Amino acid sequence: MEMTVNYQSLEQQRIRELQSTLNAYKEQHGNMDAALLEGDPESTSDSKVLQALREQVEQLKEVNKQLAEEKNVLEIKAERRNLQGDFDPRTTKVLHLATNPASVAQQQRAGEVDRLRQECEQLRARLKILEESGGDVQDLTVQVDEQVQQQPSSKDVEDLKNQLLAAERKNKRLLEVFGKTSKDFREACYMLLGYRIDVLVDNQYRLHSMYAEGSKDYLHFQRNKEGMSLLETEYSKTLLDFIDVYLKQADSIPAFLSSLTQDLFRKQTFMMSK
């Protein structure tokens, strides 16, 4: 639910309330002044009553002063709102013109901008033709009109910009979807095959086993016309037996990776059981 607050109405209501309170305090103040005049200063009981009344009068004066200041501030604020164009809908009626001068001026300005843009395009075309012909041109006006008509209009340019923005947004969404899909695929490979695969440059891939003892224990492969080749790393130098049996003799990278996974898993399980 939408609620509109009219601050001027609230201020006017507050001013009326303060005025009513002021009048009540003034009346009470007058009654106490009359009671003070009627009291007997020689009587002890009257003296105490008079003293209490004097204190109440002073308190009422202070309250009266505060209320008057608050009322004055609110009146100033209300007057300032009136000067700024605010109004009370209960007492002020707003008239809307059938022909809004601001709208008319805006439309005239838009038309003037279009006219100046067309003149600017014609001048550019004229200057281009003069530069290309070296100043020797016949029927310059006709050629300018033909060239301007051949150029895309501002509406066509705007449409192309909108199409470009739409294509960029679509491409961005596709990249986001591809990035998420690629991440999900890498995580699935890691959980299913036991290797995190990182794509490097020049068709190179880095494989790191989930059972590896350290971050530097990774395999480096490169794709070529013949298939995949294992590149030498410090870690691969420790796997000469696996390389000889599964890569050189059997020529099977899957067997090499699975055998290595079993060996690392066995070592890790053995260490945990100790």
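Taking a 32 Å limit on the Cα-Cα distance, which of the listed pairs K170/K216; K180/K225; K183/K237; K225/K267 fall beyond it? Don't skip to the answer; put the middle values down first.
Values: K170/K216 39 Å; K180/K225 30 Å; K183/K237 30 Å; K225/K267 36 Å.
Over 32 Å Cα-Cα: K170/K216; K225/K267.
Pop the C-beta distance of K180 and L160 into the FRET formula with R0 = 30 Å and round what comes out to the nearest 0.05. Provide the component values of the computation, followed by the final result.
Numbers: r = 31 Å, r/R0 = 1.02.
The formula returns an efficiency of 0.45 here.
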Once phi is turned into ³J(HN,Hα) by the Karplus curve 6.51 cos²θ - 1.76 cosθ + 1.60 with θ = phi - 60°, what whole-Hz value does each residue of region 191-197 show in order, with x for glycine and proline?
6, 8, 9, x, 10, 8, 10
Modelled label-to-label distance, N72 and T238, 7 Å Cα→beta-carbon offset: nm?
8.9
Each residue of region 228-241 in order: what ³J(HN,Hα) in whole Hz does its phi give by Karplus 6.51 cos²θ - 1.76 cosθ + 1.60, θ = phi - 60°, with x for Gly and Pro?
10, 10, 7, 8, 6, 9, 4, 6, 5, 5, 8, 10, 4, 5
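Read-outs: derived from the displayed coordinates by stated rules, not from any lab. Just so it is clear, the model here is predicted, and its values are computed rather than measured. Ideal geometry is used to build each Cβ from the backbone, glycine not excepted, and the neighbour counts take in all protein chains shown.
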